[in-house]
Amino acid sequence: MSAHGPAQFAPSAPLKLFNSLTRQLEAFEPVHPGEARVYSCGPTVYNYPHIGNMRAYVFADILGRTLSFKGLKLTHVINITDVGHLTDDADDGEDKMEKMAKAQAQSIWDIARHYTQAYWEDIKALNIRQPARWTIATEFVPQMIAFAQQIAPRHCYELDSGLYFDVSTVEDYGRLARAQTEEGEGRIEAVEGKRNAADFAIWRKTPPGEKRQMEWDSPWGKGAPGWHLECSVMSGEVLGFPFDIHTGGIDHREIHHPNEIAQNQAFCCTNGLDLPANSGARVWMHNNFLVERSGKMSKSSGEFLRLQLLIDKGYAPLAYRLMCLQAHYRSELEFSWDGLAAALTRLKRMLIAVGQLQERAGVGEVQPGPRFMPFLERFDAAVSDDLNTPVALTVFEEVLALKKVDASEKLAALSAMDAVLGLGLLALDRKSLRLRPKGVEIDEAEIEASLEARKAARAEKDFARSDALREELAAKGVEVMDGDPLGWEWKLA
Ligand code: AMP
Ligand code: ZN
């Protein structure tokens, strides 16, 4: 506590989260008092993630930060899928990893390493906190086999191609997707002998005479685990059933998560889903998609929207994080370059205001005083209302705009809020928002020198020279911004 006296703000709004299983807002009640255990479906590391994929992790990060803000001890796990995910989420197609390895003539292990690294770089660039643990699917294969052995006698049957889960052996199959058990949407009876269209492989046998790069011995022969099995096993192993929250993109609500739930029900020897705990996780949360105007975001068609592309075009990754926070996670969000540019401008405004505040504030730790409590309460209410970040952001900006208040206290209030928003504004350097688009070949010193020369010319009222310098800079991709209210002076165009 500081000389200013007031106690630290304690968030007390009841936390409500939208549970996809019940399609309702529910008061969050931790399984283990004082704790929150969260599992997020991670990427399949066969390619770079697109920014839509990253929206799923920004969402999981906001969830985690909110749980921490509420005083809960968070254990967050994100998995890395390096085996087993087929090109179709149901049982059709090739293994995504095998396919990419063939296309690039590399080993699957090298492909996995490369794209995992790339994913982690995006995680870092977006200020997404490190989870307590990254679980790598290939490191859990013995546990997956043990899990499958345990549920197989009552819930599975074997075909030539693998071990299949019989979805009619659990109650309420597909309740999460709100689909019928028999004719689930988009199901293809691709495998002969399946008892129900929605049955899925939990172990895929290597066809006779073939050798796969990734295969393991099992009671059902050489092969590889099914993708759904992986997440059931990793979440249960590390967090214990039942745990609190399972997250993923909205596409997972249709096939992947209903299948995980069916396996969890089988494993826990519980059936009906009347008790939310019977699904393995009490709460299932799904972020909506980032879409392009032309439709679904894809890695193969049109411009591949990777975070690196945004950086190459001069947009700081945190502008994309802010763009995500401007929409509620359950709403679809349409990506556009104009939208991203607007988010970058908003971020710059915030950063400038924080910077000015930092110049005025004293050193030493200070708590926000009573003046700030109503704002912190509204901020708490917003994030506690199913993570309403659009509203939380406006509260942040209201505080930023407050006049005639103590600068240090104001910074303390902003810092408490930014711990949830994760924009890192108090530690961010102005320069880090001015990125050099790929292909611009002019260095900072050269720009500054030209700007100085131009200032001198203007002081001498030599406007011809001043205009010539402006044009010279423009030819090199630098736009001079006279009288920019944000004080940015120039930008790379
Ligand atoms: P994947 O690597 O395909 O398993 O996807 C990683 C995560 O991104 C999953 O949680 C998906 O549900 C999610 N996801 C995929 N596409 C999008 C999108 N366009 N917008 C938001 N989330 C997505
Ligand atoms: Zn998963």
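Considering the range 60-90, the residues that are in contact (Cβ under 8 Å) with a residue 40 or more places away in the chain and polar (S, T, N, Q) include one that is farthest from ligand 1 (Cβ to nearest atom), namely SER68. Within the range 321-334, the set of residues being touching a Phe, Trp or Tyr at 6+ places or on another chain (Cβ under 9 Å) and crowded, with 22+ Cβ neighbours inside 10 Å comprises MET323, CYS324, TYR329. Filtering the range 425-447 to residues that are over 24 Å from the mean Cα position of the chain (by Cα) and open to solvent by less than 50 Å² (accessible area, probe 1.4 Å) leaves PRO437, VAL440, ILE442, ILE447. Consider the range 266-297 and keep the residues that are outside any strand (DSSP E or B) and within 16 Å of ligand 2 (Cβ to nearest atom). The one that is surrounded by the most Cβ atoms within 10 Å (Cβ to Cβ) is GLY280.
Taking the options TYR57, TYR119, name whichever one is modelled with pLDDT of 95 or more, within 12 Å of ligand 1 (Cβ to nearest atom), under 14 Å from the mean Cα position of the chain (by Cα) and open to solvent by 10 Å² or more (accessible area, probe 1.4 Å).
Numbers: TYR119 fails: open to solvent by 10 Å² or more (accessible area, probe 1.4 Å).
Among TYR57, TYR119, only TYR57 is modelled with pLDDT of 95 or more, within 12 Å of ligand 1 (Cβ to nearest atom), under 14 Å from the mean Cα position of the chain (by Cα) and open to solvent by 10 Å² or more (accessible area, probe 1.4 Å).
Report yes if some residue within the range 185-192 is buried (at least 19 other Cβ atoms within 10 Å of the Cβ), assigned by TED's automatic domain parsing to the domain that holds ALA266, within 30 Å of the chain's Cα centre (by Cα) and at pLDDT 95 or above; otherwise report no. No, the range 185-192 contains no residue that is buried (at least 19 other Cβ atoms within 10 Å of the Cβ), assigned by TED's automatic domain parsing to the domain that holds ALA266, within 30 Å of the chain's Cα centre (by Cα) and at pLDDT 95 or above.
Tell me yes or no: at least one residue of the range 49-59 is assigned to a loop (DSSP other than H, G, I, E, B), closer than 30 Å to ARG306 by Cα and in the same structural domain as MET234 (by TED's automatic domain parsing). Step through it out loud before you land on a result.
Looking only at the range 49-59, we keep the residues that are assigned to a loop (DSSP other than H, G, I, E, B), and these are 49-50.
Subset that is closer than 30 Å to ARG306 by Cα: 49-50.
Keeping just the survivors that are in the same structural domain as MET234 (by TED's automatic domain parsing) gives 49-50.
Checking the range 49-59: at least one residue is assigned to a loop (DSSP other than H, G, I, E, B), closer than 30 Å to ARG306 by Cα and in the same structural domain as MET234 (by TED's automatic domain parsing).
For every residue, the table says whether it meets (1) over 30 Å from TYR320 (Cβ atoms); (2) touching a residue at least 60 places away in the same chain (Cβ under 8 Å); (3) not small (Gly, Ala, Ser).
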| site | (1), (2), (3) |
| --- | --- |
| SER432 | no, yes, no |
| LYS438 | no, yes, yes |
| ASP443 | no, no, yes |
| ARG470 | yes, no, yes |
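In this structure, does HIS114 turn out to be within 20 Å of MET54 (Cα to Cα) and surrounded by fewer than 21 Cβ atoms within 10 Å (Cβ to Cβ)?
yes
Figure legend. Inter-residue proximity from the range 217-245: first residues free of Cβ contacts under 8 Å to residues at least 60 places away in the same chain, second residues within 14 Å of ligand 2 (Cβ to nearest atom) and in a loop (DSSP other than H, G, I, E, B), beta-carbon distance below 7 Å, spacing 6+ or different chains. Indicated pairs: PHE241/GLY280. For the range 212-230, residues that are within 16 Å of ligand 2 (Cβ to nearest atom), in contact with a Ser or Thr (Cβ under 8 Å, 6 or more places away or on another chain) and not charged (D, E, K, R) total 2. When restricted to residues that are at pLDDT 95 or above, out of contact with any strand residue (DSSP E or B) (no Cβ under 6 Å at 6 or more places or on another chain) and open to solvent by 10 Å² or more (accessible area, probe 1.4 Å), the range 223-239 contains 2. The set of residues in the range 298-312 that are assigned to a loop (DSSP other than H, G, I, E, B) and either surrounded by 15 or more Cβ atoms within 10 Å (Cβ to Cβ) or within 10 Å of ligand 1 (Cβ to nearest atom) (or both) comprises SER298, LYS299, PHE304, LEU305, ARG306.
The set of residues in the range 450-475 that are out of contact with any helix residue (DSSP H, G or I) (no Cβ under 7 Å at 6 or more places or on another chain) and within 26 Å of ARG349 (Cα to Cα) comprises LEU451, GLU452, LYS455, ALA474.
The values are calculated or read from the model by the stated rules, or taken from the named source; none is laboratory data. Since the structure is predicted, the reported quantities are computational estimates derived from the model, not experimental observations. Note: ideal-geometry Cβ built from the backbone for every residue, glycine included; neighbour counts use all protein chains shown. All accessible areas refer to the heavy atoms of the entire protein, side chains included, with ligands and DNA or RNA removed. Shrake-Rupley method; radii C 1.70, N 1.55, O 1.52, S 1.80 Å.
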